[in-house]
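A.B. asks: The following block contains the structure, expressed as structure tokens.
Derivation of every value follows stated rules applied to the coordinates shown; laboratory data play no part. Every value quoted in this text rests on a predicted model; they were computed, and no experiment measured them. Positions of Cβ are backbone-derived with ideal geometry, glycine not excepted, and every protein chain shown enters the neighbour counts.
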Amino acid sequence: MDYLSLAWKNLWRNRRRTLITLLAISLALMLTQTLHNLAMGSYTQMIENGVRSGSGHFTVYHHGYRQDHDEKLAFSSGSLIATLTDTAPIECVLPRIHLGGLAQSSHDSRAVAIMGIDMAAEAAVNPVLKNLPAEQWLRKEQPRDALLGRRLLDELKIHIGQKLVLTVQNRNGDLVSELLRVRGIIDSRIKQIDSSLVMIGLNKAAMITERQGQIHELALVLNNTEAMPQLLNTISPLFNDNSELELVPWQVAMPNLADAIRLDYASQNVMLLIIMLIITIGIVNTLLMSVMERIHEFGIMLATGMSPFKLWQLVVCEAAMLGTTAALFGSVLGSLTTWYLVEVGIDLRDFISENMEFGGVVFDPILRATWSSAWMLESALYIVLLSIVAALYPAFKAARLAPVDAMRHN
């Protein structure tokens, strides 16, 4: 106990320098924890929006469709939908038909991407449709209803209630034209979607292409991302012996989003590495200055019987106390800022448009953090370890002092 007390007193001999170092390390730790938690919250939000508007947490495709997007590679979905709908923790099963075609009005024509959807299921989870009023939903009793992206609507120079003609290929390769009426407007704020997307009823898309009962994609949306391993173990037997179908996670189905998150996380790690390097330099500077100021004192301690190893331990102990104190204080600050960002978030609506796009996915401009308690604990322990490692050189320098030379040092 006397040994620890001596180390603590030595640490505070130069109160100002110790306080500045403690504050710098604590703020750096707070910054790393806050940025990490904010990034994890943003990634979670992007993944949730991406899987709900895109291909789900898991997606079922016909083998080969994901690579070629060949419209002929459709599969029957009736029994599979019924089975998966009753499987926990699946929140929603979204059958979709994807077609390429031509949209024509009396004014102009455009190449479009046509999606056949189950309106009731999609409207409940798809963020692309979150701003669509209920009176603009596709109606089962009116199969000629269509939803168009806002930019596409402007380019075709038509409005809600007016007609357009969709031309697609059916399963035999013949061109088929269908007269539809604009029911509502899709306003995703993503240029590619708003300038090319046409949504129609699932049954209508199947009828036009003569693919009744067949779909191109079956998106499975879960209650939470953490349930993915559990679901994979549950439903994998349905596909292991099926050579026609494949089950893929969202990282495979949406590689652009997965790559964008990995790239952003890598750049964040580089920034955190730079912060840790600055912390290391600060700790080394503080302890080295402390050693240089106490050379005469160390000489007396060595001359009166203290071993070089004990002296080495004393300096390392000072560093461990410095790191532990900074880790505790920094973690408290990091927890407070994370709590604020979880509850309130950062509102960017005054600086950007209503929605933000990242990796082809729209997410809320109010950024919110999420708690990464294990990572916060690891980062705090890393600060303590970093402090000890940074003290090795100053401690080694103190342990190598010659008692006679050290006592002559002024």
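A.B. asks: Put +1 on the Cβ of each Lys and Arg and -1 on the Cβ of each Asp and Glu in the chain; which of His69, Leu272, Gly330 then has its Cα farthest toward the positive end of the dipole?
C.D. replies: Value: Gly330.
A.B. asks: Next question, about the same structure. Against the globular-protein guess of 2.2 N^0.38 Å, express the Cα radius of gyration of region 55-253 as a ratio, rounded to two decimals.
C.D. replies: Against the compact-globule rule of thumb, the ratio is 1.03.
A.B. asks: Along the charge dipole of region 162-255, which of Ser236, Ala205, His216 sits closest to the positive end, that is, farthest toward it, with unit charges on the beta carbon of Lys, Arg, Asp and Glu (+1, +1, -1, -1)?
C.D. replies: Positive-most Cα among the choices belongs to Ala205.
A.B. asks: Mind jotting down the distance between the C-alpha centroids of region 29-68 and region 123-157, whole Å?
C.D. replies: What the calculation gives is 25 Å, centre to centre.
A.B. asks: Moving to a separate point now. Under a point-charge model restricted to the Cβ atoms of Lys and Arg (+1) and Asp and Glu (-1), what is the dipole moment magnitude of the chain relative to its Cα centre, in debye to the nearest 20?
C.D. replies: In debye, rounded to 20, the chain gives about 1340.
A.B. asks: Might you report the magnitude of the Cβ-based charge dipole of region 146-240 about its Cα centre, with Lys and Arg at +1 and Asp and Glu at -1, to the nearest 20 debye?
C.D. replies: Its charge dipole is roughly 320 debye.
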